Amino acid sequence: MRTVWEAAGAEAVQPALPPAPGAEQYVALDFADSAVALPGGQFTDALGTPAAANRWLTEHGLAPAHAGLQAMCAAQLRALREQVRTLLASRIDGHPAPPAALQAVNDAMTRVPTASLLRWDDVHGLHRAAAHPTTQILDHALAALAADAAELLTGPDAEQLSACGSPPCNRYLLRTHGRRQWCSVRCGDRARAARAYARRSQLKGA
Ligand SMILES: [Zn+2]
């Protein structure tokens with residue numbers, strides 16, 4: 001009993017939503033959903049610290065554990081996430097894609113380190129120098145996430161892109177099941193409860 005209670009208590013502190021529909025298919029969608037607004041003004045960010053960002057990348061097969069991510073690396077990931085979210089929003093709303101967001105995704109996509117660059121200095125003369133391993137890992141992850149975002153935004157599933165319709169949730173999803181417009185059962189229940197409450201208030205007011 002004690003274990004169950006503890007698990008329930010832990011969930012109350014850090015409510016974990018299951019991946020939104022489509023997020024297991026597109027890592028870029030899970031990436032976009034990695035900062036979640038929750039009821040009661042709570043906010044969770046799976047990329048909030050270097051350690052958390054490393055864990056997220058490792059869980060998604062994009063970096064080894066203990067890749068040595070720095071605060072700057074986590075900030076770069078969060079910056080790309082904002083731009084991907086901007087593109088998702090503009091695609092869903094049918095608005096023009098903001099040039100800065102396109103630029104950011106294209107920059108990330110073309111960051112893949114392909115070769116050790118040729119350098120020259122007094123001590124070594126001509127030599128080849130590879131980027132720092134952590135930089136290589138991060139660039140590779142940013143490139144993979146950006147490429148997947150581009151695929152999601154232009155591929156056959158783009159028409160199914162949707163924003164969760166249950167405030168304050170800010171997650172995106174693929175509407176794979178008909179008209180479903182919520183990212184999770186929890187959000188659907190909350191939206192239905194809010195509608196019922198609004199109906200009751202209206203009746204009382206009348
Ligand atoms: Zn939701």
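The values are calculated or read from the model by the stated rules, or taken from the named source; none is laboratory data. In this text, all values refer to a predicted model and were calculated from it rather than measured experimentally. Virtual Cβ from ideal backbone geometry, glycine too; neighbours counted across all protein chains shown.
Annotations for the structure displayed:
- Against the test of being farther than 29 Å from Gly22 by Cβ, out of contact with any Gly (no Cβ under 9 Å at 6 or more places or on another chain) and acidic (Asp, Glu), the options Asp121, Asp139 yield a single qualifying residue, Asp121.
- Per the conditions (1) surrounded by fewer than 11 Cβ atoms within 10 Å (Cβ to Cβ); (2) within 16 Å of the ligand (Cβ to nearest atom); (3) at pLDDT 95 or above, the sole criterion not satisfied by Arg85 is (1).
- Output for the stretch 162-186, where each listed residue is under 22 Å from the mean Cα position of the chain (by Cα) and away from the ligand (no atom under 14 Å from the Cβ): Thr176, His177
- Flag for Asp189 being away from the ligand (no atom under 16 Å from the Cβ) and modelled with pLDDT of 90 or more: no
- Residue match in the stretch 174-186 (condition: aromatic (Phe, Trp, Tyr) and closer than 22 Å to Leu62 by Cβ): no
- When the test is whether a residue is hydrophobic (A, V, I, L, M, F, W, C), at negative phi, more than 16 Å from the ligand (Cβ to nearest atom) and out of contact with any strand residue (DSSP E or B) (no Cβ under 7 Å at 6 or more places or on another chain), Ala129 does not pass it.
- From Ala144, Ala149, Ala131, residue being outside any helix (DSSP H, G or I) and among the small types (Gly, Ala, Ser): Ala131
Conditions tested, residue by residue: (1) more than 14 Å from the ligand (Cβ to nearest atom); (2) touching a residue at least 40 places away in the same chain (Cβ under 8 Å); (3) part of a helix (DSSP H, G or I).
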residue	(1), (2), (3)
Phe43	no, no, no
Leu47	yes, no, no
Pro64	yes, yes, no
Ala74	yes, no, yes
Arg78	yes, yes, yes
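- Residue list for the stretch 163-206, restricted to those being farther than 16 Å from Leu88 by Cβ, of a type in the set (Lys, Arg) and surrounded by 11 or more Cβ atoms within 10 Å (Cβ to Cβ): Arg180, Arg186, Arg190, Arg192
- If you go through the stretch 54-74 and keep only what is surrounded by 13 or more Cβ atoms within 10 Å (Cβ to Cβ) and hydrophobic (A, V, I, L, M, F, W, C), you end up with Trp56, Leu57, Leu62, Ala63, Ala67, Leu69, Cys73, Ala74.
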